[in-house]
1. Of the residues SER219, SER233, SER174, which is within 21 Å of ILE446 (Cα to Cα), under 20 Å from the mean Cα position of the chain (by Cα) and assigned to a loop (DSSP other than H, G, I, E, B)?
2. Considering only the range 347-387, state which residues are part of a loop (DSSP other than H, G, I, E, B), surrounded by 15 or more Cβ atoms within 10 Å (Cβ to Cβ) and hydroxyl-bearing (Ser, Thr, Tyr).
3. Just checking, does the range 168-177 include any residue being touching a helix residue (DSSP H, G or I) at 6+ places or on another chain (Cβ under 7 Å), away from the ligand (no atom under 14 Å from the Cβ), polar (S, T, N, Q) and within 20 Å of THR95 (Cα to Cα)?
4. Against the condition touching a Phe, Trp or Tyr at 6+ places or on another chain (Cβ under 6 Å), more than 10 Å from the ligand (Cβ to nearest atom) and touching a residue at least 12 places away in the same chain (Cβ under 8 Å), how does PRO133 come out, does it pass?
5. For GLY220, work out the one condition from (1) surrounded by 24 or more Cβ atoms within 10 Å (Cβ to Cβ); (2) within 20 Å of LEU253 (Cβ to Cβ); (3) more than 10 Å from the ligand (Cβ to nearest atom) it doesn't fulfil.
6. Check the range 191-198 and report whether any residue there is touching a residue at least 60 places away in the same chain (Cβ under 8 Å) and more than 21 Å from LEU102 (Cα to Cα).
7. For TYR267, are the conditions met, namely being among the aromatic types (Phe, Trp, Tyr), touching a residue at least 40 places away in the same chain (Cβ under 8 Å) and closer than 30 Å to PRO138 by Cα?
Amino acid sequence: MSRLFHQCDTPLLSMLHQWANRDYVPFHTPGHKQGRGASLPLLDCLGLRALQSDLPELPELDNLFAPQGVIWQAQKLAAEAFGAENSYFLTNGSTSGVVAALWSVGANGGKVILPRNVHQSAISGLILSGAIPIFMSPDYDERLGLFHGATSEGVAAALQSHPDAQAVFIVSPSYFGVVGDVGAIATLAHQHQIPLLVDEAHGAHFVFHPQLPPSALQSGADVSVQSTHKTLSALTQAAMLHVQGHRIKSDRLHQALQMFQSSSPNYLLLASLDGARQQMATVGHDLMHHTISLANSIRRGITQLPKLRVLSVEDSGQTPGFVYLDPTRITIDVGELGITGYEADQQLHQRLGVTAELATHQHLTLIITPGTTPGDCVRLLDALSELTQVTPNLSSTLLTQIPLQFSLELALSPREAVFSSHKSVPLAQACNHISADLICPYPPGIPALIPGEVITPEVITGLQQIIASGGWVTGGSDPSLKTMRVVQYDNSHRQPLRGI
Ligand SMILES: Cc1ncc(COP(=O)(O)O)c(C=O)c1O
């Protein structure tokens, strides 16, 4: 790349800043005209500076879908910092990157190997591309009560049964910061001449410190999609897709990125990616060093508290899906308190002034980043200490909840199921029907049911338990989930896809 720019520069952010301060008359979008026409409550909330910087694709600000100027330079700097050959800025989150990556490899009935516990964005990618999923059973760690990611054994078996697969897609790290053997999975995919795509939404910080797990690209992945907004300092929804090697067709990827993103990309988001990259490339090592120390001190503090168990690096190595742990991700098992993770989350949020990232039936997960302060850690440990004094909800029978069971029986491809005729049935009577809905407890956003899956009693019970214990379930055509949509399926006309 041109050496005109260095990692301490912010070509896109600086140009945006210049134009936000420029004296000119805007006869272009957005309609608030740099805040002058904004509603007062919005102005009060965001401040004039943010609105002045909300600019469209002025010639000096380049074009996200045909970059030649400051976006091109900012993306090149990002590629260098994150260890990619090419990096693409995303304004619709990792969601758009995952969809675009899957669309670029799996169109028109091509097979893609992936674990069943993917984020819902991967299922959207399958629906939009028409790819046929070859699902691997998720690695469930009974000791910890947690699902991990794909294993190399699972990928090897899937590749043996489906040598015509067009790509392997995995999620790494998991929401809980667990990383498997991505290097071995990359090697297997490459032995079959196909790419490995990694949903690395929660791992944008990995490359900046040696005590963090290796990044997907360092492990040999062809594509990594990262939510720069989740663990680094970009604004919410700002993400990146990184590519290396020759296995991804760049023309198809460019087409996909343009199809699945707004034609009016938000420059606040784009510039925040430039800022986050500059920050991490220049002082990222020190920031992560400090962040890891803080997270370790939280871990030590939690181990002093009764009845709380924190996921730690000592838990790794017992199952093939758990090789590394991101030390900045804190997952606490609250089961021994006699309350669910949802109840613990509610107490912390509503009574104790601490808000976690994720609650599940048995766990709470917290994200520690360079934005976390030592004072935050003190408040967290005080709040957790108070939490250990709560009276257990002995009436709760939910503590015996079994982990969410996936159906794993696919009768139609997700795309076919979405475009079939549907009917609505009560959830309790949906058993043995084919789902037309994507039903997803959120967070973590891993679908319990995807379009095309045969609905089992275990899945229905699991969903009812999540709702009863205070979890959120999204994606159903009926938000209350009293009913759901199933495929109106005529057995006489077609053979199901069972056994793929
Ligand atoms: C594993 C995983 N992949 C993808 C996404 C989507 O990321 P984004 O919110 O940046 O669209 C998420 C969001 O939580 C996620 O957890």
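The values are calculated or read from the model by the stated rules, or taken from the named source; none is laboratory data. This is a predicted model, so every value here is computed, not measured. Counting neighbours? That spans all protein chains shown, and the Cβs are built from the backbone with ideal geometry, glycine included.
1. SER174 is the lone residue from the list that is within 21 Å of ILE446 (Cα to Cα), under 20 Å from the mean Cα position of the chain (by Cα) and assigned to a loop (DSSP other than H, G, I, E, B).
2. Once the filter is applied, which keeps residues that are part of a loop (DSSP other than H, G, I, E, B), surrounded by 15 or more Cβ atoms within 10 Å (Cβ to Cβ) and hydroxyl-bearing (Ser, Thr, Tyr), the range 347-387 yields THR360, THR369, THR372.
3. From the range 168-177, those touching a helix residue (DSSP H, G or I) at 6+ places or on another chain (Cβ under 7 Å) are 168-170, 172; that's our starting set.
Remaining after also requiring away from the ligand (no atom under 14 Å from the Cβ): 168.
Now narrow it down to the ones that are polar (S, T, N, Q): none.
No - not one qualifying residue is present in the range 168-177.
4. no
5. Every listed condition holds for GLY220 apart from (1).
6. Looking for residues that are touching a residue at least 60 places away in the same chain (Cβ under 8 Å) and more than 21 Å from LEU102 (Cα to Cα), one finds none in the range 191-198, hence no.
7. Judged against the criteria, TYR267 is not a match.
Let's see how each residue does on (1) at pLDDT below 95; (2) assigned to a loop (DSSP other than H, G, I, E, B); (3) within 16 Å of the ligand (Cβ to nearest atom); (4) over 21 Å from ARG247 (Cα atoms):
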{"position": "ALA81", "(1), (2), (3), (4)": "no, no, no, yes"}
{"position": "PHE89", "(1), (2), (3), (4)": "no, no, yes, no"}
{"position": "THR95", "(1), (2), (3), (4)": "no, no, yes, yes"}
{"position": "VAL99", "(1), (2), (3), (4)": "no, no, yes, no"}
{"position": "LEU102", "(1), (2), (3), (4)": "no, no, yes, no"}
{"position": "LEU114", "(1), (2), (3), (4)": "no, no, yes, no"}
{"position": "ASN117", "(1), (2), (3), (4)": "yes, yes, yes, yes"}
{"position": "ALA122", "(1), (2), (3), (4)": "no, no, yes, no"}
